[in-house]
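Input: a single structure, listed below in structure tokens.
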Amino acid sequence: NPNHRYLLEAITVAWHIRKPLSVSQVMQLENLGSPATLHRRLSYLREQDYLEESFIEGDRRTKLLAPTTKTLNYFESLGKLIQRTRQST
């Protein structure tokens, strides 16, 4: 689903630049959906093993989101496909 992918991309990019998003921050991404919609999308991505959560040391209230190995492999494959496409044109 493109909406799930956009959310996953936002979370992965933030994680990649070492500024992981918290669940609260994701709920504020109004351009990607309402908080209820984003909550459902996060739940789906976690269930499908695309996201994992961790806590900030000393703060069990803040959940940080990170891509799983499955997600990183997906984006790596996508990047290789884009490279091959560019090379063939």
³J(HN,Hα), Karplus 6.51/-1.76/1.60, whole Hz, each residue of segment 52-61, x for Gly, Pro: 9, 10, 9, 10, 6, 4, x, 9, 7, 8
Of the trypsin sites (Lys or Arg not before Pro) in segment 1-63, those whose Cβ has at most 16 other Cβ within 10 Å and which sit in DSSP loop: Arg18
Backbone HN-Hα couplings from phi across segment 19-35 [Karplus 6.51/-1.76/1.60, Hz, Gly and Pro as x]: 10, x, 7, 8, 4, 4, 5, 5, 4, 8, 7, 4, 5, 9, x, 6, x
Sulfur and carbon atoms: percent of accessible area, the chain [1.4 Å]: 50 percent
Relative contact order (%) - the chain, alpha-carbon pairs under 8 angstrom, separation at least six: 28 percent
Accessible area (Å², per residue) of segment 21-89, counting only protein heavy atoms and a probe of 1.4 Å: 72 Å²
Rh (Kirkwood; distinct C-alpha pairs) - the chain, Å: 13.9 Å
√(5λ) per eigenvalue of the Cα gyration tensor, segment 1-48, largest first, Å: 16, 12, 10
Amide H within-cut-off set for Leu51, under 5 Å, with H built and near neighbours excluded: Arg46, Thr68
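The values are calculated or read from the model by the stated rules, or taken from the named source; none is laboratory data. For clarity, every value in this text was computed on a predicted model and none was experimentally measured. Virtual Cβ from ideal backbone geometry, glycine too; neighbours counted across all protein chains shown. Accessible surface areas use protein heavy atoms only, side chains included; no ligands, DNA or RNA. Shrake-Rupley method; radii C 1.70, N 1.55, O 1.52, S 1.80 Å.
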